[in-house]
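The values are calculated or read from the model by the stated rules, or taken from the named source; none is laboratory data. Because the structure is predicted, anything quoted here is derived from the model rather than measured. Please note: Cβ atoms are built from the backbone with ideal geometry, for glycine as well, and neighbour counts cover all protein chains shown.
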Amino acid sequence: MEYKKKHSEARRKVEELSMLFEISRILDRSMDLRDVVNPVLKSLAEHMGMSRGTLTLINRDTEERGIEAAYGLSTSQKEKGRYKLGEGITGKVVQTGKPAVVPRIFENPLFLNKTGARKSLRKKDISFICVPIKLGNEVIGALSADQLFNNTISSEEDVRLLSIIASMIAQAVRLRQSLQEERKRLVEENLRLQNELKDRFCPSNIIGKTKSMQTVYDLIAQISNTDTTVLICGESGTGKELVAQAIHYNSLRANESFIKVNCSALPETLIESELFGHEKGAFTGAISTKKGRFELANNGNMFLDEIGDLSPAIQIKLLRVLQEKEFERVGGISSIKINVRIIVATNRNLEQLIKQGKFREDLYYRLNVFPIHIPPLRERKTDIMLLANFFAEKYSKIHNKPIERISPQALDVLVNYKWPGNVRELENYIERAVLLSKDEVIHVYHLPPSLQPYKLNAKESSTLQAILDNVERELILDTLHSTRGNMAKSSRILGITERLMGLRVKKHAIDIKQFRSNS
């Protein structure tokens, strides 16, 4: 008899170890806990004779205990299994952190049977065992099992076995939480570095937050620390030189020379000498040897603006510089080696110039290694206000003319204008408006007539009355905006009676509600 008991105990230990080993292997299969909890419960059912089993985990947001996985329950029954802290036996286990054993569940009032899975089993004696799943001192869930009641099996052994498995699940949860936290940290760090990169390549001399300008900043960031040739394209006045400066000052050559040449500003007879230098006596007036811009830019960056205006002869020499990194001075016979990163810009369509035979195709492909397109101001409407305020502040300091703001009506005019001259045109108009302002505000009437929004017919456009009406309307609109539609306060500011203020508002068809709705 004693032998049979020892033999049975040994066999049970072997089966127990076999089950723990199998569960351990299941938990190692996937880093997603949802992929392994059901196979774990199935293994428990096969080895322990479990008719039903659940793995309950805490929802940190709602603090409800929901069934994460179940064996022997339908989907609808699983959904019903929601327990609050302290509710039912499972809730008590989670609250206290201590296991619970119910030999006969239908004799225990605490057993709620929320899932409804045991209604058909009322006549059977079912035992319920529930153990906490802990991470250190923190209870993160519970593991439970249903078994047919059996006097011959010690409940303490089942509790011990379930507790071991709960500990294994807790360690699996800890590992996965650590990996999730590390992944989250890496994502946040990546986002932080991306934001720092964007901030770094948004220099103060380039104003703009539109998506198209952010694309420009990203391209500057990608190309700055290389020696690649850059072709900057864009209409006149878009800020191509500012982009070239941003590339230089964020490059590895930032401490070296940044030489700028406007190819359209130099006469054809002088540009070769300016770019490549000349030897003494190379031509009339060459009284001494002179270094060219390429030599001065050695180890630094060279910016050639309006590259489309170069003559065919100079294009050939520039092509050699790009290919061979060498050239000769005018009148010289020895080659000069240089290490220069070339940045070029143009407002012309180089491909069209190639078709016309005015630009070398081989030079174009040498220059068009990394193109950056600067969008025109008319495509950057949300940047116009930023630029206008920037220039107002800039010229306010330069001319010692305090400017507090730009009136809303003036901003509307600026935003709706087409800006053929782009940022340069806007800058000139804002400087003019700063000089004209007498009340620390830029009004519509400080802007050039070509920007004025009021459509007058040919006969009215030059009359004094039409001009005065426009100025009057602008003053009333601006005052109402500053007082949020307060007629009495606006009339006092303008120095007129409320009755006269009402007549003027009616005359210009001004809707007072639009100002009050913004208050």
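Quick notes on this structure:
- Filter result for residue 358 (more than 26 Å from residue 237 (Cα to Cα) and surrounded by fewer than 18 Cβ atoms within 10 Å (Cβ to Cβ)): no
- The single residue among 411, 363, 387 that is out of contact with any Ser or Thr (no Cβ under 6 Å at 6 or more places or on another chain) and closer than 20 Å to residue 481 by Cβ turns out to be 411.
- Residue ranges of helices (runs of 4 or more DSSP H) in the stretch 331-447 with at least 3 members over 30 Å from residue 298 (Cα atoms) and not assigned by TED's automatic domain parsing to the domain that holds residue 312: 381-398, 408-416, 422-436
- Here 164, 207 are screened, and the one residue that is within 30 Å of residue 394 (Cα to Cα) and at pLDDT 85 or above is 207.
Conditions tested, residue by residue: (1) of a type in the set (Lys, Arg); (2) farther than 21 Å from residue 213 by Cα.
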residue	(1), (2)
330	no, yes
340	no, yes
359	no, yes
383	no, no
397	yes, yes
405	yes, yes
413	no, yes
